[in-house]
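Have a look at the structure below before the remarks.
The values are calculated or read from the model by the stated rules, or taken from the named source; none is laboratory data. Remember, predicted model here, so these are calculated numbers, not experimental data. Cβ coordinates were reconstructed from backbone atoms using ideal geometry, including for glycine residues, and neighbour counts include every protein chain displayed. Just the protein is used for accessible areas: all its heavy atoms, side chains included, with ligands, DNA and RNA removed. Shrake-Rupley method; radii C 1.70, N 1.55, O 1.52, S 1.80 Å.
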Protein chains: 2
Amino acid sequence: MNTLAYGLLSLLSHSPLSGYDLTQRIQPFWPAKHSQIYPLLARLEKYDMVSCELIQQSDKPDKKVYSIQEKGLDALRKWLALPASDPVMRDELMLKAFCISQVEPTVSRDLFAARLEHYKAKSQRLNDKIQSVRHMANAGEDGIPPYDSPYFGAYILLNKGKLTCRTNIEWCEWVLSIIPHGSGNTVD
Amino acid sequence: MNTLAYGLLSLLSHSPLSGYDLTQRIQPFWPAKHSQIYPLLARLEKYDMVSCELIQQSDKPDKKVYSIQEKGLDALRKWLALPASDPVMRDELMLKAFCISQVEPTVSRDLFAARLEHYKAKSQRLNDKIQSVRHMANAGEDGIPPYDSPYFGAYILLNKGKLTCRTNIEWCEWVLSIIPHGSGNTVD
DNA sequence: AGGACCATGTAAAAGGTTACATGATTTC
DNA sequence: GAAATCATGTAACCTTTTACATGGTCCT
């Protein structure tokens, strides 16, 4: 049982999902390809953590829908009580930023401009998602869903996403503002 | 040449370092163990990206100090001009947050309290580092080192760290403030 | 005496990505 | 007719972690 396995159980604790759906939905939290998900689901089924039902579809290909079982929920709750290991972030731009003085300002501007666009697009997608969650969750006046509703988790995660995006946008804009303009022949 | 290799070249573009030092310093940007670094350095040397000098020490074990070579600098500059791939973040707490309603508020409070402490400690370490960089860099009145100084990169990265820490601290405190208090028997 | 830090390496196992494989339906 | 989406799976490869291996110095 690795972290990805618990990640799948986490998603399945809200509702049954197919391997295809799980692959899409786990991306924001724990990126993984379908080639990793499908075999893992088979293993989770073997250990009775999840059950599997074949759903026949006429318009789309048939699919296997997985549901979490008692054993899976027990494992999930035990894992939840354990301290979360430190987050791991791997970002090429951090490495490039470190030796930014090796290249002309034009080159580094492109790097940060691209990243700024990346976060702006992400921010837009997040706002859309926040709107749709507000619809579904029976949130109070403060907009906060009750703790024991499955939307509480989604709500705090969406907020984290928003804060993180905003911080990164601010940082990129600040960096762009202090990179010197002009022809900028720093090398040679 | 993978990203870790370029990461090592990035660090070596500032100053020559031993494998041991490189292992320590790359952690904030691209976590890697020494078992990955040492063989990579040997490979970089084989391809003339870096050169290696054995430094004998009396108080401490002897060490190998690596310096970047022309070929390494060329490779580094070519890589810098390429767009940076998207950052990858893997955080167990995000997965746990998703199914937070599965456990009592006491359990989830511990999770977020621990993460809050993690970021507070990180914030403290960052402040110390920022102080020491300010000393070394011949920064202007605004505190910003010149673009072509090697401290420019360190400066913007330290600032990113500070912003990220602050955002995460705020988020953890906010989550703790909306997790209900009391005995909290949400699950029977 | 025990633990932390310095210092370098290899081997095995686990985790993750890319490529191979197939095939239907829908949208432009 | 081409591309995107839905849907599942395996194989090969690369990356990362954990464990094995060694040994000196410094501090308590």
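Peptides A:152-164, B:37-49 ranked from most to least packed by the mean count of surrounding Cβ atoms within 10 Å: A:152-164, B:37-49. With a threshold of 20 Å on the Cα-Cα distance, the over-threshold entries among A:71/B:96; B:33/B:64; A:162/B:129; A:129/A:162; A:129/B:122 are A:162/B:129; A:129/B:122. Counting Cβ atoms of other protein chains within 10 Å of each residue's Cβ and taking the mean over peptide B:158-167 gives 4. With Rh defined as the Kirkwood radius, the inverse of the mean 1/r over Cα pairs, the Rg/Rh of the stretch B:92-178 is 1.17. Over the residues of chain B, the helix contribution to mean residue ellipticity at 222 nm works out to -19500 deg cm²/dmol, using -39500 (n - 2.57) for each DSSP H run of at least 4. For the segment A:115-128, counting C-beta atoms of other chains within 10 Å of every residue's C-beta and taking the mean gives 1. Here is how far apart the residue B:87 label points are across copies: 0.8 nm, shortest first, using a point 7 Å from Cα toward Cβ. For the stretch A:3-81, taking Cα atoms only, Rg and Dmax work out to 12.1, 43 Å respectively.
The dipole here belongs to the stretch B:3-81: it is taken about the Cα centre, uses +1 on the Cβ of Lys and Arg and -1 on the Cβ of Asp and Glu, and is about 240 debye. The mean number of Cβ atoms from other chains found within 10 Å of a Cβ in peptide A:169-177 is 2, as a whole number.
About its Cα centre, the dipole of chain B is roughly 220 debye, where the only charges are +1 on Lys and Arg Cβ and -1 on Asp and Glu Cβ.
Membrane-span-like helices of chain B, defined as complete DSSP H segments with a Cα extent of 27 Å or more along the helix axis and a mean Kyte hydropathy of at least -0.5, are identified as B:151-178. Label-point distances for residue B:65 to the equivalent site in the other copies, using a point 7 angstrom along Cα→C-beta, read 6.6 nm when ranked shortest first. Size descriptors for the stretch B:38-93, from the alpha-carbon set: Rg then Dmax equal 16.4, 45 Å. Projecting the Cα atoms of A:55, A:94, A:154 onto the dipole axis of the protein assembly as shown, where Lys and Arg carry +1 and Asp and Glu carry -1 at the beta carbon, places A:55 farthest toward the positive end. Take the Cα coordinates of the protein assembly as shown, assign each an equal point scatterer, and use the Debye formula without solvent to give log10 I(q)/I(0) at q = 0.06, 0.07, 0.11 Å⁻¹. Computed log10 I(q)/I(0) values: -0.29, -0.40, -0.91. Near the amide H of residue B:50, within less than 5 Å, lie the amide hydrogens of B:45, B:69, all on another chain or at least 5 residues away, with H placed in the peptide plane. Residue A:107 exposes around 40 Å² of accessible area when a 1.4 Å probe is run over every protein chain in place. Computed over chain A, the range of Cα coordinates on each principal axis works out to 65, 43, 43 Å, biggest value leading. Think of each Lys and Arg Cβ as +1 and each Asp and Glu Cβ as -1; about the Cα centre, that makes the dipole of the stretch A:92-178 roughly 120 debye.
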